[in-house]
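Note sheet for the following structure.
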Amino acid sequence: MSVSQSRISKCVHLNEPSLMPSQPWWSNLNVNFNKIPDAFNLSGTSKVIVNVLAGVDISTRSVLATMLASKALKGTFTPELMKQDIEQGKMYRELANGHDVSKIFAEPPVVSVTETLLETGHSAPEGAICKSLSFESPFEPLNPDLREPYRANKQNLSARAQYWRHDAQTSRPTICAIHGFLLSGYNINAYLFEMKRFFEQGYDVLFYTLPHHGMRQEEGSWRSGQGYFGHGISWLNETVLHSIFDFRIFLNYLEAQGVAQYGVMGASLGGYTASLLACVEKRLAFVIPNVPVVSMADLFMQWNPANKMLQKSLVLSNTSLYQLRHTLAVHSPLTYKPVIDKDRMLIIAAAADRCAPPNHARLLWDHWQRPEISWIAGNHILHYEKRHYLKDIDALFARIDFLPT
């Protein structure tokens, strides 16, 4: 392993068999996927670092899972709602069976985007032209029974983003960032994505706010993001579709500003969204999922104590994990082939991640025919040795000629 690589070699899994089963993946993926051990052969300091950071992540996951179980998932994983969602989920399962993104992800119409110039003191670096962007989303759920209740949340229909520009007259290659669950603040994401570094290199930046997060969260929610998972499986399906729909409108906005190149990087839930965009949006110059999730059903099975609530609900509603996967598969990146070349993809994965365990990144890597993957010895939040994957991102941008003039 060269000194330029992290402690976790990039080729750590090259000789391992593929984790990705044949389609339909929701039926053929090991029912105990969440229990498959991570294939890392570590020793010495590397093993100590990964074990310590994994322990930190498990503690973090337990706190988050407890909050989810008592707040967001309390209304989702009830046996009654689970049974209802599975019964009404036939439409989503049939759409997943077709593997046709054109029938699921509607092409958004032309929408007027409101720009508000922000004063200094926000997350943007000094000298940046910082704007708040918003529009009233015309998104309508595929499920006709959800159209009225879903659109009743007016805050969520107000799509949001923050945009950093160098110059009002000159458009530059633009990096779009999608945050993770709960962590929607622009300041924290500027830090997590190292966006000031990229801005100083000459890139413009757009931070996208997922539905039910930040200023889009519904009144009375305990915090940003509760509504994303808080209303049942069908609602969750529509929320993910909504995420893709509104993001593509912001891409239309960038094109109207004269931006010729743009790509997306996302972390955690944002990594899930970015991975799905790779299957939908051909215009993207690159896609970089960072510590991504790929199967929400299997992730829920790993999050103790929320998994206890899910397991009980599955038993009482006479629902199998395969059925749950199938109903959620309508928006999994594993269901579709990517529409951009794999040389424009970079997966970032962390060996000590216990919130979005490494096997999720491996599954995506195998499904995408093993594009470049950058492994670090960090966990979900603490990206120890981040400098290594930043170098990999720089190398990707140079390779695909995504460079500011």
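So which residue, out of Gln169, Gln257, Gln302, gets the largest mean-square fluctuation from a GNM of the chain using Cα contacts under 10 Å as springs? Among Gln169, Gln257, Gln302, the largest GNM mean-square fluctuation belongs to Gln169. Dipole magnitude for the range 312-389: about 160 debye, using +1 per Lys or Arg Cβ and -1 per Asp or Glu Cβ, origin at the Cα centre.
Beta bridges assigned by DSSP with both partners in the chain are antiparallel in approximately 45 percent of cases.
Quick check: at a probe of 1.4 Å, how many percent of the accessible area of the chain sits on carbon and sulfur atoms? Let's see the in-between values first.
On the way: 8490 of 16280 Å².
Ligands and nucleic acids excluded, carbon and sulfur reach 52 percent.
Reachable aspartates and glutamates from Lys90, Cα under 15 Å, same-chain residues fewer than 8 places away excluded? Within the straight-line cut-off, Lys90 pairs with Asp145, Glu238. Look at the dipole of the chain built from charges on Cβ: of Pro125, Cys176, Leu382, the Cα furthest out on the positive end belongs to Leu382. Positive end of the dipole of the chain, charges at C-beta (+1 Lys, Arg; -1 Asp, Glu), about the Cα centre: which of Val111, Ile393, Ile244 has its Cα farthest in that direction? Positive-end residue among those listed: Ile393. Karplus-based coupling profile of the range 217-222, in residue order and whole Hz: 6, 6, 4, x, 6, 6, with θ = phi - 60° in 6.51 cos²θ - 1.76 cosθ + 1.60 and x standing for Gly or Pro. Using Cβ point charges alone (K and R +1, D and E -1), the dipole size of the chain about the Cα centre works out to roughly 840 debye. Taking the helices alone, the chain has a mean residue ellipticity at 222 nm of -11500 deg cm²/dmol, built from -39,500 (n - 2.57) per DSSP H run of at least 4 residues and averaged over all its residues. Using C-alpha pairs below 8 Å separated by at least 6 residues, the relative contact order for the chain is 23 percent.
In this structure the amide hydrogen of Arg160, modeled in the peptide plane, comes within under 5 Å of the amide hydrogens of Thr209, none closer than 5 places in sequence on its chain. Within straight-line reach of Lys391, meaning a Cα separation under 20 Å, sit the following aspartates and glutamates at least 8 residues removed in sequence or on another chain: Glu194, Glu200, Asp204, Asp343, Glu372, Asp401.
So if I place +1 on the C-beta of Lys and Arg and -1 on the C-beta of Asp and Glu, and nothing else carries charge, what would the dipole magnitude of the range 210-325 be about its Cα centre? I want it in debye, nearest 20. List each step's numbers first, then the result.
Values: 8 positive and 7 negative charges, 52 e Å.
So the magnitude is around 260 debye.
Excluding ligands, DNA and RNA, what is the solvent-accessible area per residue of the range 42-181 at a probe of 1.4 Å, expressed in Å²?
51
Sorted by mean Cβ packing within 10 Å, highest first, what order do the peptides 21-29, 267-275 take?
Values: 21-29: 16.6, 267-275: 27.9.
For the peptides 21-29, 267-275, the packing ranking is 267-275, 21-29.
Residues in the range 23-32 carry Karplus couplings, in order, of 6, x, 4, 5, 8, 9, 5, 3, 4, 9 Hz; the curve used is 6.51 cos²θ - 1.76 cosθ + 1.60 with θ = phi - 60°, and Gly or Pro positions show x.
Just to be sure I understand the rule: take each whole DSSP H helix in the chain, project its Cα atoms onto its long axis, keep it if the span is 24 Å or more and its mean Kyte-Doolittle hydropathy is at least 0.5. Which ones pass?
On the way: long enough: 44-70 (40 Å, 1.01); 233-256 (35 Å, 0.56).
Flagged H segments are 44-70, 233-256.
Here's the picture: charge each Lys and Arg Cβ at +1 and each Asp and Glu Cβ at -1 in the chain, and of Asn34, Trp368, Ser275 the one pushed furthest to the positive end of that dipole is Asn34.
Peptide packing: for 223-233, 305-315, the average count of neighbouring Cβ atoms within 10 Å per residue gives the ranking 223-233, 305-315, highest mean first.
In this rough spin-label picture, where each label sits 7 Å from Cα along the Cβ direction, the Arg151-Thr45 distance is 5.9 nm.
Between Lys312 and Lys83, the modelled label-to-label distance comes to 1.6 nm, taking each label 7 Å out from Cα in the direction of the beta carbon. The amide H of Cys355, built 1.01 Å from its N in the peptide plane, has His380 as neighbours under 5 Å, considering only residues 5 or more places off or on other chains.
Split the chain at each of the GluC sites (Glu not before Pro) in a DSSP loop with at most 13 other beta carbon atoms within 10 Å, and the longest piece is 220-405.
The values are calculated or read from the model by the stated rules, or taken from the named source; none is laboratory data. Keep in mind the model is a prediction, meaning the values are calculated, not measured. Note that we place each Cβ from the backbone using ideal geometry, even for glycine, and neighbour counts take in every protein chain shown. Keep in mind that these areas ignore ligands, DNA and RNA; they rest on the heavy atoms of the full protein, side chains included. Shrake-Rupley method; radii C 1.70, N 1.55, O 1.52, S 1.80 Å.
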